[in-house]
Amino acid sequence: MASPAAGPEIDIAPFIDHALLNPAATPAMVEKWCSEAERFDFAAVCVYPACVGLAANLLHGKKPKVCTVIGFPTGATTAATKLYEAQEAVENGAAELDVAINLGFLKAGKTSEVHREIAEICQETGKPVKAILEMALLTEAEKRLAAEICADAGVAFLKTSSGWHGGATVEDVRLLKEITKGRIGIKASGGIRTHEQALDLIVAGATRLGTSRSVDLLRQRHAVGVATPS
């Protein structure tokens, strides 16, 4: 998955998963996020599982996908719980699943458990899974191991972080690109606050951007001379 050259001509909107992961999010906020996703042509809206049904109804027949988070943000719930949560989310209309891996298992060397948990969700739901690696908490060796396990388990994307323990870095995106060699997507998520930062992450290899500041990033783009949709 090649990334474009740097520059303000890049339209970052199609890369964006418009995230609403505020635990106090109301139905009115979900409606606002879905309206913005359609207006600005974002790739997806990412909401908590309890909001999936509403988002799916609002975006039915429209281009943006409904994404939700599973085992979020810690990844420390049981495999059975994550699988049930994922299956229920799909039944309610989720098209993509951002799944937090179990970091304790990874660090303890329980690699088969990490693989089994992610592979089962991929297989049983049939939906694109983005494995949340929480890279700020991992050594480089652990980052490589986590990426390889999740890629082998069948994920569609590797996601840098939940945003709860540090954010996306260009260095981590480059590392994931090196490991995956373009075979699967890379979602940079957490702490994306400027249009320039978003561009840098795309150029480094990100094929999705997870951010709650999506509209502000586009306003920044407008400020450098590229119009946003009306």
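Descriptive notes on the structure:
- Cβ-placed point charges (K, R +1; D, E -1), dipole of the stretch 117-230 about Cα centre in debye, nearest 20: 500
- Set of lysines with alpha-carbon distance to LYS177 below 25 Å, sequence-local pairs under 8 removed: LYS65, LYS107, LYS110, LYS127, LYS130, LYS143, LYS159, LYS187
- Taken one residue at a time, the phi angles of the stretch 10-21 give Karplus couplings (6.51, -1.76, 1.60, θ = phi - 60°) of 5, 8, 7, 3, x, 8, 8, 9, 6, 8, 10, 10 Hz. Gly and Pro are set to x.
- Equivalent ellipsoid dimensions for the stretch 116-199 as semi-axes, Å, which come from the Cα gyration tensor, largest first: 21, 14, 12
- Derived scalar couplings ³J(HN,Hα) [the stretch 136-149; Karplus, 6.51 cos²θ - 1.76 cosθ + 1.60; whole Hz; x for Gly, Pro]: 5, 9, 10, 6, 4, 4, 5, 4, 5, 5, 4, 4, 5, 4
- Shown for the stretch 1-126: the carbon plus sulfur share of the solvent-accessible area, taken with all protein chains present and a 1.4 angstrom probe, equals 55%.
- Potential lengthening of the chain between LYS63 and GLU9 amounts to 17.2 nm, from the contour at 0.36 nm per residue minus the alpha-carbon distance.
- Across the chain, C-alpha contacts under 8 Å between residues 6 or more apart give a mean separation that, scaled by the residue count, equals a relative contact order of 21 percent.
- Amide H partners (placed H, <5 Å) of VAL99, local residues excluded: ILE70, LYS130, ALA131, ILE132
- Placing +1 on the Cβ of every Lys and Arg and -1 on the Cβ of every Asp and Glu, with nothing else charged, gives the chain a dipole about its Cα centre of roughly 220 debye.
- For the pair ARG144 and ALA25 in one chain, pulling the backbone fully straight at 0.36 nm per residue adds 39.4 nm over the alpha carbon distance.
- Note that the stretch 39-52 has calculated 3J(HN,Hα) couplings of 4, 9, 6, 6, 5, 7, 10, 10, 10, 5, x, 5, 9, 4 Hz, one per residue in order, obtained from phi through the Karplus relation 6.51 cos²θ - 1.76 cosθ + 1.60 (θ = phi - 60°); glycine and proline are x.
- Between HIS165 and ARG219, full extension at 0.36 nm per residue minus the direct alpha carbon distance yields a gain of 16.8 nm.
- For the chain, the solvent-accessible area of protein heavy atoms averages 44 Å² per residue (probe radius 1.4 Å; ligands and nucleic acids excluded).
- Shape index of the chain: Rg/Rh, with Rg the Cα radius of gyration and Rh the Kirkwood radius from the inverse mean 1/r over Cα pairs, equals 0.95.
The values are calculated or read from the model by the stated rules, or taken from the named source; none is laboratory data. All of these numbers come straight from a predicted model, not from anything done at the bench. A quick note on method: Cβ atoms are made from the backbone with ideal geometry, for glycine too, and the neighbour counts reach across all protein chains shown. With ligands, DNA and RNA removed, areas are computed over all heavy atoms of the protein, side chains included. Shrake-Rupley method; radii C 1.70, N 1.55, O 1.52, S 1.80 Å.
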